[in-house]
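The values are calculated or read from the model by the stated rules, or taken from the named source; none is laboratory data. Just so we're clear, the structure is a prediction, and the values are computed from it rather than from any experiment. Because the Cβ atoms are built from the backbone with ideal geometry, glycine has one as well, and the counts that use them run over all protein chains shown.
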2 protein chains.
Amino acid sequence: MTNVAADGVPAVLLALAVILVAAKLMGELAERVRQPAVLGELLAGILLGPSLLGFLDPASSWLHLFGEIGVVILLFQIGLETDLKRLLSVGGVAVTVAIVGVAVPFALGYAVCRMMGLPDLESVVAGAALTATSVGITARVLSDLGRLHDVESQVVLGAAVIDDVIGLVILAVVSRAVTGGAVTAGSVALTTAAAFGFVIAAVLVGRVAVPPLFRLLARIGRPESLATMGLAIGLLTAVLAHAAGSALIVGAFAAGLAFQPTAHAETIARGVTRLGHFFVPIFFVSVGAAVDVRTLGDPRALTIGGLLIAVAIAGKVVAGFAPVWFRGRKLVVGVGMIPRGEVGLIFAQTGLAAGVLDGGLFASVTAMVMVTTFVAPPVLKALLAAGPGRPRDAGGAAELVTEA
Amino acid sequence: MTNVAADGVPAVLLALAVILVAAKLMGELAERVRQPAVLGELLAGILLGPSLLGFLDPASSWLHLFGEIGVVILLFQIGLETDLKRLLSVGGVAVTVAIVGVAVPFALGYAVCRMMGLPDLESVVAGAALTATSVGITARVLSDLGRLHDVESQVVLGAAVIDDVIGLVILAVVSRAVTGGAVTAGSVALTTAAAFGFVIAAVLVGRVAVPPLFRLLARIGRPESLATMGLAIGLLTAVLAHAAGSALIVGAFAAGLAFQPTAHAETIARGVTRLGHFFVPIFFVSVGAAVDVRTLGDPRALTIGGLLIAVAIAGKVVAGFAPVWFRGRKLVVGVGMIPRGEVGLIFAQTGLAAGVLDGGLFASVTAMVMVTTFVAPPVLKALLAAGPGRPRDAGGAAELVTEA
């Protein structure tokens, strides 16, 4: 119809096929060596990305779009599996982990950069890139390991969503500071209120409006229509969250939470899972592709990067131990908060685009993102295998060998 | 990661949600009035498109991409359900229908345009736009009606795939003529051979290579991995077909045909169907959105359009009756070949972009596409309901009222 993408469609289909095969193969390989599949998908991204094979351009807009759809679907799925009551029961713990987990890495990261002689604004941006956990990566690891319903997982999930919202507020503030805009206490408070207010409003409205809406839909439509309608509402909520100053994935998670107690949650989850098999790996491959391993070659970037990695890990582990009254395994919570993934990259990208970060500091931040993202899944897996709880990893491995 | 589509992602998610809801509602509505769901999806496209609500821009590259993925998945699904032996058993009939169904509309369309005083090249392009059936629309209608395995459906499917390949050859030749290139008998023969050769090669290679490949995959992977791998191979075959000078959808259909006899066809089909629930309606909505109903306001465009509609319908009905030895219902075959859908629009678009078609003739061709696309589904439904065969439409209606 249009000639804009006429030549592009076959190229995109080819890239999609390669992404699907690479993600699947590397994911199965990761599971063979008893690691979460997501690690393999991230590695597939590095492999296909510009630093190795150069097959995928992480800056191409279709890849970005498909990846975003993937992470929105993933968080919608996670929300559909999350019991709000259980989440709220660890609410105090999660809020504490989130706040400490933002404040400590930010302060330490800023201090490290200043210590290394970097200017003030640059240090603020680098510190900000350390704040937010990638909720997508953490949730996927817990889901891969079958531990999404553990109490520690609930804390990590709650805290990661909260610090994602805090991270967006920081990003908004930093972006304004970077572009020379005025940052007032009032504007920060307003952004914060909008971001958190949306989640609360979405869940409240959802709890009231969703059951009657779905009773109506169930009367007029088929099961697959329900799944499609559920997905459409999830997408709309994500867009509304974005419009309210919160994040797409926060809206998708809130929509999932609102659906979870309804009788149709399982129908929706089934339909969305299949779509997830297609879109979610694209997200992780795109995150992997955005990581440039060549940055590991620059000594100065490596030094600052090493320091950032140390405070990035230490800061989140400290956050895990912050709620001293929490009776779960604090180290699991801390490690679960470590991966920075795409959120850290977005900060670095914003700083680079605004000219605040130079190539060297950008490389350091990228190295931090890479290491935190790749270190957390195997450590989390080892911790969960060593500790008490359902031995789901053995089951997972068995699942892999049997075949229908 | 990239800023290219950073602002665009929420807008696309919103559009996707609206498309899914509109397609679902209009599709169910169509079924309520005992029409194929695809008719409702096409109407949803017109409704959302520039001529009415103006919500969807049919020229946006993401919509084009998602629609193409949709039609590729649809033809892959249809291939997965198509028995090659049964298809070949009506091969002679299908080839006859295809050739007559290309030649007669082309000749009549050219004659009509010349009669109305249009120049030679313009008449050729308009005639060419009448040649190819939209295999997507026809296959979807037959599938909606549960009649995909009728002998008439096999003929229509075979003939539609063949005339799609012929249509592409004509498009290549016309594009060359339009841009002033030399058209030799040799180049036409080469294009034709490449286009048809690919389908034959793909099915042959697929029959030999697919079963051992899938036995291997089944040993190492999970069922959902098989579905993903199957889809990836389908996408790759589509891309190869395109590279060989054939069409994406022809490659996808050939891949489905190659998988169909394997033990894993059902696993793949199940996985792909869910993905289809998402992507396929986007294709039909995008086709609908590309149709501009405002063109119906211009009297001269309407006159030529009316003549083109008459020869477009008559030409395909004649083609249905061409294989005189065929013992199936020839009118069903002829009517099944009527919808021109996106294929006709691509011709018109190519002519318009090259400056060969003026706005008036473009509008006439668009009117032809619109009427043939919208008239065929209800007529086909009425014919199939009136004739002998499994009374699946009654079952379809019952399915609609009951609900899980």
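State all residues of the stretch B:218-239 that are touching a residue at least 24 places away in the same chain (Cβ under 8 Å) and surrounded by fewer than 20 Cβ atoms within 10 Å (Cβ to Cβ); if no residue qualifies, say none.
B:A218, B:P223, B:E224
Run B:V250 past the list (1) at pLDDT below 85; (2) within 26 Å of B:K24 (Cβ to Cβ); (3) buried (at least 23 other Cβ atoms within 10 Å of the Cβ) and report the number of the one that doesn't hold.
(2)
Of the residues in the stretch A:148-197, how many are touching a Lys or Arg at 6+ places or on another chain (Cβ under 8 Å) and under 28 Å from A:G355 (Cα atoms)?
Going through the stretch A:148-197 one residue at a time, the tally reaches 3.
Can you name every residue in the stretch A:211-233 that is assigned to a helix (DSSP H, G or I) and either facing another protein chain (nearest Cβ under 8 Å) or touching a Cys at 6+ places or on another chain (Cβ under 8 Å) (or both)?
A:A218, A:R219, A:I220, A:P223, A:E224, A:S225, A:A227, A:T228, A:M229, A:L231, A:A232, A:I233 - these are the residues of the stretch A:211-233 that are assigned to a helix (DSSP H, G or I) and either facing another protein chain (nearest Cβ under 8 Å) or touching a Cys at 6+ places or on another chain (Cβ under 8 Å) (or both).
I'd like the full set of residues that are of a type in the set (D, E) and assigned to a loop (DSSP other than H, G, I, E, B), limited to the stretch A:122-154.
A:D150
Taking into account only those residues within the stretch B:276-316 that are of a type in the set (S, T, N, Q) and more than 11 Å from chain A (Cβ to nearest Cβ), which is surrounded by the most Cβ atoms within 10 Å (Cβ to Cβ)?
B:T295
Keeping to the stretch A:336-386, report how many residues are assigned to a loop (DSSP other than H, G, I, E, B) and either within 14 Å of chain B (Cβ to nearest Cβ) or within 23 Å of A:R32 (Cβ to Cβ) (or both).
The number of residues fulfilling the criteria is 4.
One residue is enough: does the stretch A:388-399 have a residue meeting the conditions at negative phi, in contact with a Gly (Cβ under 7 Å, 6 or more places away or on another chain), surrounded by 14 or more Cβ atoms within 10 Å (Cβ to Cβ) and modelled with pLDDT of 85 or more?
Scanning the stretch A:388-399 turns up no residue that is at negative phi, in contact with a Gly (Cβ under 7 Å, 6 or more places away or on another chain), surrounded by 14 or more Cβ atoms within 10 Å (Cβ to Cβ) and modelled with pLDDT of 85 or more.
Checking A:T273 against (1) polar (S, T, N, Q); (2) within 26 Å of A:A37 (Cβ to Cβ); (3) surrounded by 24 or more Cβ atoms within 10 Å (Cβ to Cβ), only one condition comes out false. Which one?
Condition (3) is where A:T273 drops out.
If you scan the stretch B:130-148, which residues turn out to be within 11 Å of B:G336 (Cα to Cα) and polar (S, T, N, Q)?
B:T133, B:S134, B:T138
Mind telling me which of the residues B:G341, B:G351 ends up being on the phi > 0 side of the Ramachandran plot and within 20 Å of the chain's Cα centre (by Cα)?
When all the criteria are applied, what remains is B:G341.
I'm trying to understand the selection: among the residues of the stretch B:47-73, which are touching a Phe, Trp or Tyr at 6+ places or on another chain (Cβ under 9 Å) and either more than 14 Å from every other protein chain (Cβ to nearest Cβ) or among the polar types (S, T, N, Q) (or both)?
Answer for the stretch B:47-73, where residues must be touching a Phe, Trp or Tyr at 6+ places or on another chain (Cβ under 9 Å) and either more than 14 Å from every other protein chain (Cβ to nearest Cβ) or among the polar types (S, T, N, Q) (or both): B:L47, B:S61.
Considering only residues of the stretch B:52-103 that are hydroxyl-bearing (S, T, Y) and part of a loop (DSSP other than H, G, I, E, B), which is surrounded by the fewest Cβ atoms within 10 Å (Cβ to Cβ)?
The residue in question is B:S60.
List every residue pair whose Cβ atoms sit under 6 Å apart, with the two residues 6 or more apart in sequence or on different chains, where the first one lies in the stretch B:180-191 and is closer than 16 Å to B:L168 by Cα and the second, anywhere, is assigned to a helix (DSSP H, G or I).
B:V183/B:V173; B:V183/B:R176; B:V183/B:A177; B:V188/B:V173; B:T191/B:V169; B:T191/B:A172
Go through (1) within 22 Å of the chain's Cα centre (by Cα); (2) under 30 Å from A:G40 (Cα atoms) for A:I233 and report which single condition fails.
Of the numbered conditions (1) within 22 Å of the chain's Cα centre (by Cα); (2) under 30 Å from A:G40 (Cα atoms), the odd one out for A:I233 is (2).
Quick one: is A:A17 buried (at least 19 other Cβ atoms within 10 Å of the Cβ), over 18 Å from the mean Cα position of the chain (by Cα) and either among the aromatic types (F, W, Y) or at pLDDT below 90 (or both)?
no
Go through the stretch A:259-271 and count every residue that is within 18 Å of B:T273 (Cα to Cα) and either facing chain B (nearest Cβ under 9 Å) or not in a helix (DSSP H, G or I) (or both).
Final tally of qualifying residues: 3.
Return the residues of the stretch B:8-44 that are part of a helix (DSSP H, G or I) and more than 11 Å from chain A (Cβ to nearest Cβ); say none if nothing qualifies.
The answer is B:M26, B:A30, B:V38, B:L39, B:G40, B:E41, B:L42, B:L43, B:A44.
Given the condition out of contact with any Cys (no Cβ under 6 Å at 6 or more places or on another chain), of a type in the set (F, W, Y), assigned to a helix (DSSP H, G or I) and within 12 Å of chain B (Cβ to nearest Cβ), answer yes or no: does some residue in the stretch A:242-255 qualify?
No; the residues of the stretch A:242-255 include none that is out of contact with any Cys (no Cβ under 6 Å at 6 or more places or on another chain), of a type in the set (F, W, Y), assigned to a helix (DSSP H, G or I) and within 12 Å of chain B (Cβ to nearest Cβ).
Could you give me the residue pairs with C-beta distances under 6 Å whose first residue belongs to the stretch A:154-176 and is without any contact (Cβ under 8 Å) to a residue 40 or more places away in the chain and of a type outside the set (D, E, K, R), whose second residue is surrounded by fewer than 24 Cβ atoms within 10 Å (Cβ to Cβ) and not in a helix (DSSP H, G or I) wherever it lies, and which are 6+ apart or on separate chains?
Final answer for the pair search is A:V173/A:V183.
Without any contact (Cβ under 8 Å) to a residue 12 or more places away in the chain and away from chain A (no Cβ under 14 Å): is that true of B:V208 in this structure?
The answer is yes for B:V208.
Given B:A107, B:A193, B:A159, which one is modelled with pLDDT under 85 and either assigned to a helix (DSSP H, G or I) or closer than 23 Å to B:G336 by Cα (or both)?
None of the other options fit; the residue is B:A193.
Per-residue answers, yes or no, for (1) among the aliphatic types (A, V, I, L, M); (2) touching a residue at least 40 places away in the same chain (Cβ under 8 Å):
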residue: B:V9; (1), (2): yes, no
residue: B:R34; (1), (2): no, yes
residue: B:V38; (1), (2): yes, yes
residue: B:A44; (1), (2): yes, yes
residue: B:E81; (1), (2): no, yes
residue: B:G92; (1), (2): no, yes
